[in-house]
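The values are calculated or read from the model by the stated rules, or taken from the named source; none is laboratory data. These numbers come from a predicted model, not from an experiment. Cβ: placed from backbone, ideal geometry, glycine included. Neighbour counts: every protein chain shown. Side chains are part of the model used for accessible areas, which takes the heavy atoms of the whole protein and leaves out ligands, DNA and RNA. Shrake-Rupley method; radii C 1.70, N 1.55, O 1.52, S 1.80 Å.
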Amino acid sequence: MVNKKEEIVELANNLRWEVGGNFHDSLMESIYKEAGDIVKKTVRKKDEKHAFGFDKKLDKIVTNKWTGFPIMFILLAIVFWITVQGSNYPSQLLSSLLVGDLYETLKGFSHSLAIPQWIDGLLIDGGYLAMAWVISVMLPPMAIFFPLFTLLEDFGYLPRVAFNMDSLFRKAGAHGKQALTMSMGFGCNAAGVIATRVIDSPRERLIAIITNNFSLCNGRWPTQILIATIFIGGLVPANLAGIISAGAVVGVAVLGVVLSLITSWGLSKTVLKGEASTFNLELPPYRPPRVLQTLYTSLIDRTLIVLWRAIVFAFPAGLVIWSVANIHIDGISLADYFINWIDPFAILIGLNGIILLAYVIAIPANEIVIPTILMLTVVHFGLHGVGAGAGVMFQTDSLSATKQLLEAGGWTVLTGVNLMLFSLLHNPCSTTIYTIYEETKSIKWTALSTFLPIVMGIVLCFLVAQIWQLF
Amino acid sequence: MNPQTALLIFGMGMLLVMFLFYPEKGIYYRWKKAILSTERVLIEDALKHLYDCEYRKVNCTLQSIAGNLEISSDKAAKLVQRLESLRLITSENSNLFLTPDGRSYALRVIRVHRLWEKFLADETSVPEIDWHTQAELKEHKLTPAQANALAAKIGNPVIDPHGDPIPTSEGNLPEHVGVLLTTLKTNDVAIITHIEDEPKTIYSQIIALGLHPGMQIRVIENSQTRIVFDAEGDEKILAPSFAANITVELIRDEEEIQKEFNTLSNLKPGEKAEVIRISNALRGQQRRRLMDLGVVPGTIISAEMVNPSGDLIAYRIKDAVIALRKNQTDHIFVKNIEDND
Amino acid sequence: MNSFNANCENCPVHNANNLVKLGIDMKDFDFVIALAGNPNTGKSTVFNALTGLRQHTGNWPGKTVTRAEGGFEFNGHKYKIVDLPGTYSLLSTSTDEEVARNFILFGQPDVTVIVADATRLERNLNLILQVLEITDRAVLCLNLMDEAERNGIEIDIRTLSKELGIPVVPTAARQKEGIPDLLQYIDEVATGKYKCKPRRIKKRDPKLQKAIKLLSNELKQLFPNLPNTEWVALRLLEGDQEIIKAIKTGELEHLERTELLSNASDSIKKEKVTI
């Protein structure tokens, strides 16, 4: 019996020589011949010319040389505009609810129970506050941006965007569908990384995963807007400030897109040169989007992701943030040790120790970088009259207050510019890093996606800082 | 630190990194290459060379080993001594021969080499010109068990991408078939079955002409100085010394000769065509995916629309609209058909 | 495992051990259903319609990557349904295709539901015919019928069913049309009331034909009850490691399947399930 089994395997090995290398081709031909026969007997097409007439007409417009790109940009602009406008109010509401009222209630509750101060600080000022911050900043834009995107997807428009954009991405060694995963990245990099599943070519998918972080995600927009308004807007007369600072933010986002294309090109020519690459882009028929169902599933899905992220990643980060500001050795807090140690290097790249510390402990979420910086600035310089205490993140009530605070911390225009650059070019947040690992199952690619942007960020900030000082 | 110094130090650092890690010329790569040149590598390369001589039925000597491995005669002499003491080769009037052990060792190395080339061709995007070089490194690293695992992973292939047969794990290798391109007469039609990948200078020029195994050629002129032939619609000219590196198999059956070499990339929106064949230049995943989508001989394809930049065309294939890039459609042979409705 | 199999020849979950190996917990279920199909044919929508789950779906080829599982009850039978990754084919070495291929072969689902796009039947037939090479218990769910109708495509369901040898159910899963019929046919095939006679591919290349015949004859001698020897022979020629392993370890013997007795009473089945 055993011999017989071995014999069959052996027989197959020998037959392989006779059949030749390309029997797969002839097999596929046989299958399609058979399929053709069956279709001839069973399928009847009335009026073939007018089948998919609507699709054809619509495709003519959305892929037209003159109208294709304008339609695409207008649609994307509308999606972003609705997201920004629509999330403003719910964000404020959530913030005043979670960071304001509920926080106060929790504090009051813990006081009434006489819970030791360090437990109260660690859990409520640290963990809870970070979690609340992430939810209020992240949830509203996610809940608006993704359903809109999903509606476009459901309708069948997104593959047409990939079709239109493919020329640009082909030149960068990437897949046209990367245009979409990049756009998703403007909402959330982790979601963008998951979206790369639609790219079925291994090399192009890896490129899309590694470069997704160059899309400025919604956790980073508020930082960009705040810093641009204070430092860039402050350089010009008040009536131009709005336009100029908005321009600076868009400029950073565009820089991100350009860098992502350049990096894609570089990756496809070097480390990813050998990965297998195929191309096909199916343009499915248009289908009426199911608005209610999409809104429902998308909302539920995204809300769950945000909550999960807040609990798994932001809460521990909050614990760390509170701890470094409150644990003292020989009367100096851990935060101060780190800040003093890294300051010379940070100055060299035009930032400061506080910013770098904030980026280290706020890996989990870009949303809490600014509150952390503000808190650390107050604690480190021992400023009075502002802030909520060591380890308690806060936001000031007005821009001018923030500006004063930062200037007291030694910030200049250069610090502002470099912070904007560094906010674009640093490691992905830990949710994204985790997602990249889940999607690639490779430590190598996860490490590359993590360290490539941070090295680029440090180099760019260094060059800007040094050249700035030359003049 | 003042900015000038900082920038200067940074620039020097960058130069140093370049110097260390520059692809193929940097210190790191040279060092990696150097440590590979061990005794095992020399032994295996010598055996491969001797096997090659045996296969081509020519005699090999100590000098030819020295030349082939690019080592000094002294070193080659020591190597031959070592091989003899290992009973892998025997010598007779300064001619060297493989013992049965030596032959099976050589075939094991060749098996890994060709398997790896096949793997690179089908499962990766490594360019053709690098297959051989990478396989030269890999062949010394894999154990027989690893080679079998590799073979299994890529479906136990029998022919490598250059058209060479891959020895089985038992060391069986079929006889070489086919004739050299130089022996063809005018108007002969043949299929390229093998392109010799050594020496690299000649191979790279053949590759640059776009020739590959599986290609159909028709000889236009064959003289002392040059051989001119039509390769799937394009005229190519080779010197006889180059053409001698190409093996072909004559097609005698008139039916099997493909006459039209129009490609899908020439199809304009609104036109229809029938697929004749996918060129062998499309390999591995690319080829399989195209066939999965229905691009097989006999399929009717119509060009539907062009993207705004004019360089990506979407085709209707079996009722689905699928965009394919030019580097794919260049390799799909079609014949145009009249739109009859 | 052997004694288990001997006891349970006619039992619908006689392959439970294999399923456990593939990560499927068959506790509390009578039948297992695999959902196969091309990308973007509405497979996830059919899955949702059958289970009531709300998996994210989209108008994109290739949305579902991770395997989804769900369950439902029909006609007093409890079904476990496994959503396989959407693939164009089952012949290549890509992970998705391997997962789908091995599940249908080694997991031996009681029914394989193939979801096809009615507007592109010809291309979908590639996968359908390949699935029918592996299993002889399948139902074709011809989805997106609404879209086909809108575009003037008429499909002769009865002839198609006769040609393929399996039940064909026209559906429009987005509108939940045809789902009750689909359930009915799944149940009939699972319980053996409907006997499929799946169409097998005629290999046209004489060399390939000869090789497959030779191999499948040998296989038939060794595994007389194996229903899909031609497919196994083909995979052997392709050098599929899983198949070679299954032959060498004899795992293939356990895939031999005696036809289900259509009148086997429910009580017997329930009893076996609890083993």
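Values computed for the structure shown
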read-out	value
Which listed residue, of A:Leu470, A:Leu399, is within 14 Å of chain B (Cβ to nearest Cβ) and open to solvent by 20 Å² or more (accessible area, probe 1.4 Å)	A:Leu470
One residue from A:Val360, A:Val392, A:Val369 being closer than 23 Å to A:His328 by Cα, open to solvent by 40 Å² or more (accessible area, probe 1.4 Å), in contact with a helix residue (DSSP H, G or I) (Cβ under 9 Å, 6 or more places away or on another chain) and of a type in the set (Val, Ile, Thr)	A:Val360
Single condition A:Ser333 does not satisfy, out of (1) hydroxyl-bearing (Ser, Thr, Tyr); (2) over 30 Å from A:Leu148 (Cα atoms); (3) open to solvent by 30 Å² or more (accessible area, probe 1.4 Å)	(3)
Single condition C:Cys196 does not satisfy, out of (1) within 22 Å of the chain's Cα centre (by Cα); (2) open to solvent by 10 Å² or more (accessible area, probe 1.4 Å); (3) without any contact (Cβ under 8 Å) to a residue 60 or more places away in the chain; (4) away from chain B (no Cβ under 14 Å)	(3)
Matching option when the condition is open to solvent by 10 Å² or more (accessible area, probe 1.4 Å) and farther than 30 Å from C:Lys245 by Cβ, among B:Ile191, B:Ile159	B:Ile191
3 or more residues farther than 30 Å from B:Tyr203 by Cα: qualifying strands (runs of 3 or more DSSP E) within the stretch B:224-341	B:272-278, B:300-306, B:313-317, B:320-324, B:332-337
Selection within the stretch B:122-159 - away from chain C (no Cβ under 14 Å) and touching a residue at least 40 places away in the same chain (Cβ under 8 Å)	B:Glu128, B:Ile129, B:Trp131, B:His132, B:Thr133, B:Leu137, B:Glu139, B:His140
Condition broken by B:Phe261, with the remaining ones in (1) buried (at least 21 other Cβ atoms within 10 Å of the Cβ); (2) among the aromatic types (Phe, Trp, Tyr); (3) away from chain C (no Cβ under 14 Å) satisfied	(1)
Lone qualifier among B:Ser104, B:Ser72 - being within 29 Å of the chain's Cα centre (by Cα) and open to solvent by 20 Å² or more (accessible area, probe 1.4 Å)	B:Ser104
Residue that is at pLDDT 95 or above and open to solvent by less than 50 Å² (accessible area, probe 1.4 Å), where the choices are A:Thr446, A:Thr440, A:Thr431, A:Thr435	A:Thr446
Subset of the stretch B:264-321 (residues that are among the polar types (S, T, N, Q), away from chain C (no Cβ under 14 Å) and open to solvent by 10 Å² or more (accessible area, probe 1.4 Å))	B:Ser265, B:Asn266, B:Asn280, B:Ser302, B:Ser309
Cβ pairs under 9 Å, 6+ apart, first in the stretch C:24-48 and among the basic types (Lys, Arg), second open to solvent by 10 Å² or more (accessible area, probe 1.4 Å) and at pLDDT 85 or above	C:Lys43/C:Gly86
Residue that is least open to solvent (accessible area, probe 1.4 Å) [pool: residues in the stretch B:57-69 that are touching a residue at least 12 places away in the same chain (Cβ under 8 Å) and part of a loop (DSSP other than H, G, I, E, B)]	B:Thr61
Among the residues listed as B:Glu54, B:Glu44, the single one being in contact (Cβ under 8 Å) with a residue 60 or more places away in the chain and open to solvent by less than 100 Å² (accessible area, probe 1.4 Å)	B:Glu44
Members of the stretch A:15-47 that are open to solvent by 80 Å² or more (accessible area, probe 1.4 Å) and either touching a residue at least 40 places away in the same chain (Cβ under 8 Å) or more than 7 Å from chain C (Cβ to nearest Cβ) (or both)	A:Asn22, A:Lys40
Output for the stretch A:394-423, where each listed residue is part of a loop (DSSP other than H, G, I, E, B), in contact with a Ser or Thr (Cβ under 6 Å, 6 or more places away or on another chain) and touching a residue at least 24 places away in the same chain (Cβ under 8 Å)	A:Gly409
Residues located in the stretch A:200-216, provided they are at pLDDT 90 or above and of a type outside the set (S, T, N, Q)	A:Arg203, A:Glu204, A:Arg205, A:Leu206, A:Ile207, A:Ala208, A:Ile209, A:Ile210, A:Phe214, A:Leu216
Lone qualifier among A:Gly192, A:Gly176, A:Gly219, A:Gly185 - being under 20 Å from the mean Cα position of the chain (by Cα) and within 14 Å of chain B (Cβ to nearest Cβ)	A:Gly176
Any hit, the stretch B:26-33, residues being touching a helix residue (DSSP H, G or I) at 6+ places or on another chain (Cβ under 6 Å), among the small types (Gly, Ala, Ser) and within 14 Å of another protein chain (Cβ to nearest Cβ)	yes
Qualifying position, being out of contact with any Asp or Glu (no Cβ under 6 Å at 6 or more places or on another chain) and either open to solvent by less than 80 Å² (accessible area, probe 1.4 Å) or in contact (Cβ under 8 Å) with a residue 60 or more places away in the chain (or both), among A:Leu113, A:Leu97, A:Leu129	A:Leu129
Residue within the stretch B:101-123 that is in a loop (DSSP other than H, G, I, E, B), on the phi < 0 side of the Ramachandran plot and of a type in the set (Val, Ile, Thr) present	no
Residue selected from the stretch A:291-310 under the condition more than 7 Å from every other protein chain (Cβ to nearest Cβ) and either outside any helix (DSSP H, G or I) or of a type in the set (D, E, K, R) (or both), by the criterion least open to solvent (accessible area, probe 1.4 Å)	A:Arg309
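Here's the yes/no breakdown for (1) open to solvent by 10 Å² or more (accessible area, probe 1.4 Å); (2) within 18 Å of the chain's Cα centre (by Cα); (3) more than 10 Å from every other protein chain (Cβ to nearest Cβ); (4) of a type outside the set (Ser, Thr, Tyr):
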| site | (1), (2), (3), (4) |
| --- | --- |
| C:Glu97 | no, yes, no, yes |
| C:Thr112 | no, yes, yes, no |
| C:Ala116 | no, yes, yes, yes |
| C:Arg120 | yes, no, no, yes |
| C:Leu132 | no, yes, yes, yes |
| C:Ile155 | yes, no, no, yes |
| C:Arg158 | yes, no, no, yes |
| C:Val169 | no, yes, yes, yes |
| C:Ala173 | no, no, yes, yes |
